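Have a look at the structure below before the remarks.
The values are calculated or read from the model by the stated rules, or taken from the named source; none is laboratory data. What you are looking at is a predicted structure, and each value in this text was computed from that prediction instead of being measured. Glycine also receives a Cβ, built like all others from the backbone with ideal geometry; neighbour counts cover every protein chain displayed. All accessible areas refer to the heavy atoms of the entire protein, side chains included, with ligands and DNA or RNA removed. Shrake-Rupley method; radii C 1.70, N 1.55, O 1.52, S 1.80 Å.
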Amino acid sequence: MSNSPTRILILGGGFAGLYAAMQLEKTLAREPGVEVTLVNRENFFLFTPLLHEVAASDLDLTTIVNPVRKMLKRVNFFAGEVESIDLSGKRVVVSHGFDHHHHSLEYDHLVIGLGSITNFYSLPGLEARALTMKSLGDAMTLRNHLIAHLEEADSECCGVKHPLLAFVVAGGGFAGVETVAGLNDFVRDALPSYPHLNETMLRIVLVHPGAVILPELGEKLGVYAQKKLAERGVDIRVNTKVEGVSERGVKLSDGTMIETNTLVWTAGTSPNPLLQGLECKKERGRLAVNEYLEVADWPGVWALGD
Ligand SMILES: Cc1cc2nc3c(=O)[nH]c(=O)nc-3n(C[C@H](O)[C@H](O)[C@H](O)COP(=O)(O)OP(=O)(O)OC[C@H]3O[C@@H](n4cnc5c(N)ncnc54)[C@H](O)[C@@H]3O)c2cc1C
């Protein structure tokens with residue numbers, strides 16, 4: 001009988017991968033014959049539902065990140081980039097270090113939790129001009145962007161203020177709604193510090209392609225959230241899509257052009273590109289799994305999360 005341990009490899013340290021690792025930390029990782037390893041790009045877990053609070057300066061960034069190494073004692077952690085997955089060969093190539101050198105990690109069981117990426121659907125100008133809201137860096141960028149725009153609009157030599165004070169968020173899911181709410185509160189609360197600005201100059205718009213925002217929560221809560229946001233001054237455009245963004249502003253599918261410097265895009269995601277090359281069954285690019293989250297026709301391979 002072989003003495004080599006059973007190797008469980010988890011890819012991705014978001015909600016899916018990290019919680020799988022934490023569960024195994026309490027169970028299988030205690031077994032001497034089992035070796036569990038988590039691979040993630042960052043060495044911290046990011047609590048995305050509070051990302052907007054960092055963008056809105058309500059929370060310090062250290063309050064929404066948690067170091068993975070502190071959370072896992074029995075599970076090994078590898079900080080690096082997953083480069084490729086070879087299901088037939090049961091190995092994953094990862095890179096790390098300043099020179100991005102490669103390692104091959106072999107496994108007996110694989111858990112794939114690599115999340116999704118932003119999809120701009122090739123809409124004109126988006127990739128170059130839109131801000132995104134997925135990482136800690138995105139939240140800091142948005143925060144600095146908002147402050148820079150308030151400062152610029154307040155300056156006495158600022159000629160045309162309204163594009164600087166119009167902020168468009170695309171996407172009425174969790175990310176977009178939380179972002180527009182945080183952004184709205186932030187700029188309104190900041191106004192007393194800017195003597196040349198007032199509420200009537202602000203324009204904060206949420207653009208959503210469906211009839212009601214927050215489709216994840218059902219119509220009743222979506223309508224309630226819409227009412228609350230509208231009461232706080234957010235202009236909500238339902239059944240509307242962003243068609244493109246240029247130096248003039250954001251063009252909407254109803255023909256409106258909103259003159260603005262700011263578009264935050266949360267309206268599209270697509271599966272992690274690493275999944276594209278995997279020779280297994282997929283549904284709309286996502287891995288098809290059974291009721292145990294096991295990937296169809298690949299025993300020992302599981303997939304979870306976005
Ligand atoms: C701003 C915002 C607010 C949200 N609010 C809510 C909410 O209130 N409620 C709710 O239910 N959902 C919310 N969501 C959605 C929620 O965050 C996602 O559904 C969830 O994060 C998905 O978890 P996941 O583990 O599948 O993917 P992710 O959290 O995206 O984790 C994937 C991990 O894999 C890593 N990774 C990816 N590719 C590689 C690679 N090649 N190499 C190494 N590592 C890699 C990433 O760095 C990341 O750590 C929100 C999302 C955002 C962006």
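Details
- Scanning the range 63-73 finds one or more residues that are in a helix (DSSP H, G or I) and in contact (Cβ under 8 Å) with a residue 40 or more places away in the chain.
- Of the residues making up the range 285-306, those that are within 15 Å of the ligand (Cβ to nearest atom), open to solvent by 30 Å² or more (accessible area, probe 1.4 Å) and at pLDDT 95 or above are 289, 293, 302, 304, 305.
- Boolean, residue 223 is open to solvent by 40 Å² or more (accessible area, probe 1.4 Å) and more than 24 Å from residue 8 (Cβ to Cβ): yes
- Entry remark, the range 84-138: residues being assigned to a strand (DSSP E or B), under 30 Å from residue 246 (Cα atoms) and open to solvent by less than 60 Å² (accessible area, probe 1.4 Å) number 4 in total.
- The range 43-83, subset closer than 18 Å to residue 10 by Cβ and within 14 Å of the chain's Cα centre (by Cα), residue most open to solvent (accessible area, probe 1.4 Å): 46
- The set of residues in the range 1-42 that are open to solvent by 60 Å² or more (accessible area, probe 1.4 Å), under 17 Å from residue 92 (Cβ atoms) and near the ligand (Cβ under 7 Å from one of its atoms) contains only 41.
- Restricting attention to the range 1-43, the residues that are assigned to a strand (DSSP E or B) and hydrophobic (A, V, I, L, M, F, W, C) total 8.
- Within the range 101-112, the presence of at least one residue that is touching a helix residue (DSSP H, G or I) at 6+ places or on another chain (Cβ under 6 Å) and within 14 Å of the ligand (Cβ to nearest atom) is confirmed.
- All of (1) away from the ligand (no atom under 16 Å from the Cβ); (2) among the polar types (S, T, N, Q); (3) over 18 Å from residue 172 (Cβ atoms) hold for residue 256 with one exception: (3).
- Any chance residue 214 is buried (at least 18 other Cβ atoms within 10 Å of the Cβ) and over 25 Å from residue 121 (Cβ atoms): no
- Test: residue in the range 65-78 that is touching a Pro at 6+ places or on another chain (Cβ under 7 Å), under 26 Å from residue 5 (Cα atoms) and modelled with pLDDT of 95 or more: no
- Out of 298, 265, one residue alone is of a type in the set (Phe, Trp, Tyr) and under 21 Å from the mean Cα position of the chain (by Cα). It is 265.
- Residue in the range 162-171 that is at pLDDT 95 or above, assigned to a loop (DSSP other than H, G, I, E, B), within 13 Å of the ligand (Cβ to nearest atom) and assigned by TED's automatic domain parsing to the domain that holds residue 193 present: yes
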